[in-house]
Structure formats: structure tokens, C-alpha cells
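A.B. asks: There's a structure below that I have some questions on.
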């Protein structure tokens, strides 16, 4: 179609117009030949080889399917894209770096819990209040220092 459109443009040199016309005619003939052979190819029976090569066994034993019917064949695993691979590698590097730094941050021994005192985790509301109080105190000490 592009060749026909280009061949119809009046400002092209005659040699170029003839080249586009020749291509359009060639593609048209190829399409006609393909469409005429299509029904023959669709209705023809599949050709079987006369004999198997000597390297292949005469009958190949196929395992019986475990459950014929509703099961779907396993899907091939899709290759990850370049961006997914870079994202995964970056996350692995950060995880490895964090794991290397983690032992240095933690104290060698955990602080001893006094006997008879249960370990308590503050709920969300009290945690927010504690954070606000710490931030307020930090702000007041910087204001006093200035």
C-alpha cells in the first residue's frame, strides 16, 4: 500500500515512480499467489516421513498423563525485563549492605530486664505522644542554644 501511495505522488522523479510501481505489482502478484495456495495448504493432509532415522528408536515411550482433563500445562517462566533485573539487583545490594551494617548498630548485649517487670510495647497513640514530646524537647533545646 505504501508503494502505491508513493507511486501516485506527482512530484517524484519518473525513475522512482517506476520503482514504486514495480514493487507494488510484485507484492500484488505475491499476494495473489499466496491466497491461491492457501486453501490447498489448509486442506492437504500432513506428510509423514517414510521411515524414521536410524538414530531414533522405532517407538518412543511416552508416559501416561496423570489426569487427563481439566489440568493446564505448566506455563513457561517469563524472562524478567532489563528494568526488573536492575531493580532486583539494586535491592539485593542494599539488603546486603544493610545486613553488613546491622551487627555494628546493635549493642553487644541486650539491656537486662529487671526481675518481675514485663516487656511492654507502647500502642500507637502513646508512641505518637512520645515522639511529639521528644520532638518538642529537641526543638526547645535548640532554641535555648541559639
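The values are calculated or read from the model by the stated rules, or taken from the named source; none is laboratory data. None of the values given here were measured: they were computed from a predicted structure. Note that we place each Cβ from the backbone using ideal geometry, even for glycine, and neighbour counts take in every protein chain shown.
Yes or no, residue by residue, for (1) modelled with pLDDT of 75 or more; (2) in a loop (DSSP other than H, G, I, E, B):
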site: 11; (1), (2): yes, yes
site: 29; (1), (2): yes, no
site: 69; (1), (2): no, yes
site: 90; (1), (2): yes, no
site: 99; (1), (2): yes, no
site: 104; (1), (2): no, no
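A.B. asks: I would also like to ask the following. Could we say that residue 80 is surrounded by 10 or more Cβ atoms within 10 Å (Cβ to Cβ), at pLDDT 75 or above and outside any loop (DSSP other than H, G, I, E, B) here?
C.D. replies: Judged against the criteria, residue 80 is not a match.
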